[in-house]
Amino acid sequence: MDIIKSIQQRKSCRTFTSESLKPSDRKKLEEYINSNKTGIKNEVIDFTLVEKKETDKPMKLTYGLIKGNKTYILGKTASTASARVNYGYLLEKIVLKATDLKLASCWIGMFDKEYFNDIQIENEQIIPGILTVGYSTGKKSTIESLARKAVKADKRKPWDQLFFNYETNAILESEIIKPYIESLEMTRLAPSSGNTQPWRIFYESAANEFHFFKKITNQNYESKGMHDIDMGIAMCHFELVSDKNDLKGNWIKNDASSIKSINDLQYINTWKCL
Ligand SMILES: Cc1cc2nc3c(=O)[nH]c(=O)nc-3n(C[C@H](O)[C@H](O)[C@H](O)COP(=O)(O)O)c2cc1C
């Protein structure tokens, strides 16, 4: 997969043709899904591809906004912040694979839980979010165009609002982390709930580590666990692009006591460069 191309080309699609996935696309996607179960700290999530029939009622929350879709990818996890981060991390890998297969997709965080009643959910487990996949009609409905405008979906925060020097809290100078410019730039382009982009990344040169922090930018999304999924999505982009550039590293969680507190930010995870 050309990861840079997938990241740059991916856009949320809300107007799908009502076709089922072609058997060859479905096979490739399912093969990828089955090979992509192990996330951060070896936590495993099984994702399932569900195809609803023409005769099934449409999902309540997609009335109007998302049209024509009938294929969904979803999994279940514990209802904890770290499980949601892992969910975002793994499901975004599937998003990028789908994009590579020329499939359109959209993350959906707020959906009708009863719609997937046939999926067995054990006690205390949740479906943190779902993905619709399919073929784009190539056109946007008026309501979709308005929704994109409302969240400025085509825009992203500039570098100086997202990436910082851990030692000084100043804007991160790209000179210091030259090999990682592309990793950060591709993280900047990641999708997030309501395009809220809650990730703030601090580079600590002494330890050669990138610390990922969450800024609660929308209380409603935060209360529904969406910002944690967003953090996992950012981590996915950072890792895949670093890996493509042969920059080795792994995810660690530093002791909260060893991480300095930074204003209103919450520490999530650290990429340790090797
Ligand atoms: C965790 C998550 C949840 C989302 N939930 C919804 C949703 O419920 N409905 C929707 O129309 N779009 C949803 N989106 C899509 C975002 O609005 C979209 O990614 C963002 O506006 C950026 O636009 P882009 O994906 O086209 O780059 C969600 C995205 C993420 C990452």
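The values are calculated or read from the model by the stated rules, or taken from the named source; none is laboratory data. Because the structure is predicted, anything quoted here is derived from the model rather than measured. Please note: Cβ atoms are built from the backbone with ideal geometry, for glycine as well, and neighbour counts cover all protein chains shown.
Taking the stretch 105-120 only, how many residues are of a type in the set (Gly, Ala, Ser) and either at pLDDT below 85 or touching a Phe, Trp or Tyr at 6+ places or on another chain (Cβ under 6 Å) (or both)? Give the steps one after another, and end with the answer.
Filtering the stretch 105-120 for residues of a type in the set (Gly, Ala, Ser) gives 105, 109.
Filter again for either at pLDDT below 85 or touching a Phe, Trp or Tyr at 6+ places or on another chain (Cβ under 6 Å) (or both), leaving none.
The number of residues fulfilling the criteria is 0.
Regarding VAL95, is this residue of a type outside the set (D, E, K, R), within 12 Å of the ligand (Cβ to nearest atom), within 22 Å of LYS52 (Cα to Cα) and assigned to a helix (DSSP H, G or I)? Please lay out each step first, then the result.
Details: of a type outside the set (D, E, K, R): yes; within 12 Å of the ligand (Cβ to nearest atom): yes; within 22 Å of LYS52 (Cα to Cα): yes; assigned to a helix (DSSP H, G or I): yes.
Answer is yes for this residue.
Looking only at the stretch 144-163, how many residues end up being under 24 Å from LEU74 (Cβ atoms), aliphatic (A, V, I, L, M) and out of contact with any helix residue (DSSP H, G or I) (no Cβ under 6 Å at 6 or more places or on another chain)?
Within the stretch 144-163, residues that are under 24 Å from LEU74 (Cβ atoms), aliphatic (A, V, I, L, M) and out of contact with any helix residue (DSSP H, G or I) (no Cβ under 6 Å at 6 or more places or on another chain) number 1.
Does the stretch 104-126 hold any residues that are in contact (Cβ under 8 Å) with a residue 24 or more places away in the chain and part of a helix (DSSP H, G or I), and which are they?
Within the stretch 104-126, TYR115, PHE116 qualify.
Filtering the stretch 128-146 down to residues that are crowded, with 18+ Cβ neighbours inside 10 Å and aliphatic (A, V, I, L, M), which residue is farthest from the ligand (Cβ to nearest atom)?
Looking at residues that are crowded, with 18+ Cβ neighbours inside 10 Å and aliphatic (A, V, I, L, M), I get VAL133.
Each row is one residue, and each column tells you yes or no for (1) free of Cβ contacts under 8 Å to residues at least 24 places away in the same chain; (2) in contact with a Leu (Cβ under 6 Å, 6 or more places away or on another chain); (3) under 24 Å from ILE94 (Cβ atoms); (4) of a type in the set (Val, Ile, Thr).
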| residue | (1), (2), (3), (4) |
| --- | --- |
| GLN219 | yes, no, no, no |
| GLY225 | no, no, yes, no |
| ASN254 | no, no, no, no |
| SER261 | yes, no, no, no |
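Just the residues that are among the hydrophobic types (A, V, I, L, M, F, W, C), under 25 Å from PHE212 (Cβ atoms) and at pLDDT 95 or above, please, taken from the stretch 1-32. Walk me through how you get there before you give the answer.
Initially, the stretch 1-32 is screened for residues among the hydrophobic types (A, V, I, L, M, F, W, C), giving 1, 3-4, 7, 13, 16, 21, 29.
If we keep only those that are under 25 Å from PHE212 (Cβ atoms) too, we end up with 1, 3-4, 7.
Residues satisfying the conditions are ILE3, ILE4, ILE7.
Regarding ASP228, is this residue buried (at least 24 other Cβ atoms within 10 Å of the Cβ), modelled with pLDDT of 95 or more and within 18 Å of the chain's Cα centre (by Cα)?
yes
Please go through the stretch 201-225 and pick out each residue that is surrounded by 17 or more Cβ atoms within 10 Å (Cβ to Cβ) and aliphatic (A, V, I, L, M).
The one that is surrounded by 17 or more Cβ atoms within 10 Å (Cβ to Cβ) and aliphatic (A, V, I, L, M): ILE201.
Going by the structure shown, is THR48 under 19 Å from the mean Cα position of the chain (by Cα), touching a residue at least 60 places away in the same chain (Cβ under 8 Å) and in a helix (DSSP H, G or I)?
Values: under 19 Å from the mean Cα position of the chain (by Cα): yes; touching a residue at least 60 places away in the same chain (Cβ under 8 Å): yes; in a helix (DSSP H, G or I): no.
The answer is no for THR48.
For the stretch 197-204, indicate whether the set of residues that are of a type in the set (S, T, N, Q), within 11 Å of the ligand (Cβ to nearest atom) and farther than 23 Å from LYS76 by Cα is non-empty.
First, pick out the residues of the stretch 197-204 that are of a type in the set (S, T, N, Q): 197.
Narrowing the set further to residues that are within 11 Å of the ligand (Cβ to nearest atom) leaves 197.
When the remaining residues are screened for being farther than 23 Å from LYS76 by Cα, the result is 197.
Among the residues of the stretch 197-204, at least one is of a type in the set (S, T, N, Q), within 11 Å of the ligand (Cβ to nearest atom) and farther than 23 Å from LYS76 by Cα, which makes the answer yes.
When the residues of the stretch 58-92 are filtered to those that are in a helix (DSSP H, G or I) and near the ligand (Cβ under 10 Å from one of its atoms), which remaining residue is surrounded by the fewest Cβ atoms within 10 Å (Cβ to Cβ)?
Across the stretch 58-92, the extreme among qualifying residues is LEU61.
In the stretch 100-110, which residues are more than 13 Å from the chain's Cα centre (by Cα) and crowded, with 22+ Cβ neighbours inside 10 Å? So that I can check it myself, show each step before the final result.
Of the stretch 100-110, the ones more than 13 Å from the chain's Cα centre (by Cα) are 100-104, 110.
Hits for the stretch 100-110 are LEU103, ALA104.
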